[in-house]
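Down below is the structure, laid out as structure tokens.
The values are calculated or read from the model by the stated rules, or taken from the named source; none is laboratory data. These figures come from a predicted structure and were not determined experimentally. All Cβ positions, glycine included, derive from the backbone under ideal geometry; neighbour counts span all protein chains shown.
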Amino acid sequence: MKQVLLVFHVIVSALVALLGRNRKIGYAWSFVLCLVLSPIIGVIIILFSKKNDAVDSAEVPKDIQQN
């Protein structure tokens, strides 16, 4: 029974950590936090984490920057 609960906890943690893929915290840290704390607390931390903006990582051409 304990193994079933452990497997369930790991699967739920992995699914919740998918929310962290596009955030500053990232998938790996989200997964670790969900495993160590709990998936519910992990969701709260992930949702308070800042989102990654696609615009921040893209280069803006110089002619557009001048406007």
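Here are the numbers for this structure:
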quantity	calculated
Residues satisfying the stated conditions in segment 16-48, i.e. farther than 23 Å from L6 by Cα and either buried (at least 17 other Cβ atoms within 10 Å of the Cβ) or at pLDDT 95 or above (or both)	R23, I25
Residue in segment 8-15 that is surrounded by 15 or more Cβ atoms within 10 Å (Cβ to Cβ), in contact (Cβ under 8 Å) with a residue 24 or more places away in the chain and part of a helix (DSSP H, G or I) present	yes
Those residues of segment 16-36 which are touching a residue at least 24 places away in the same chain (Cβ under 8 Å) and over 16 Å from K51 (Cβ atoms), in sequence order	V16, L35
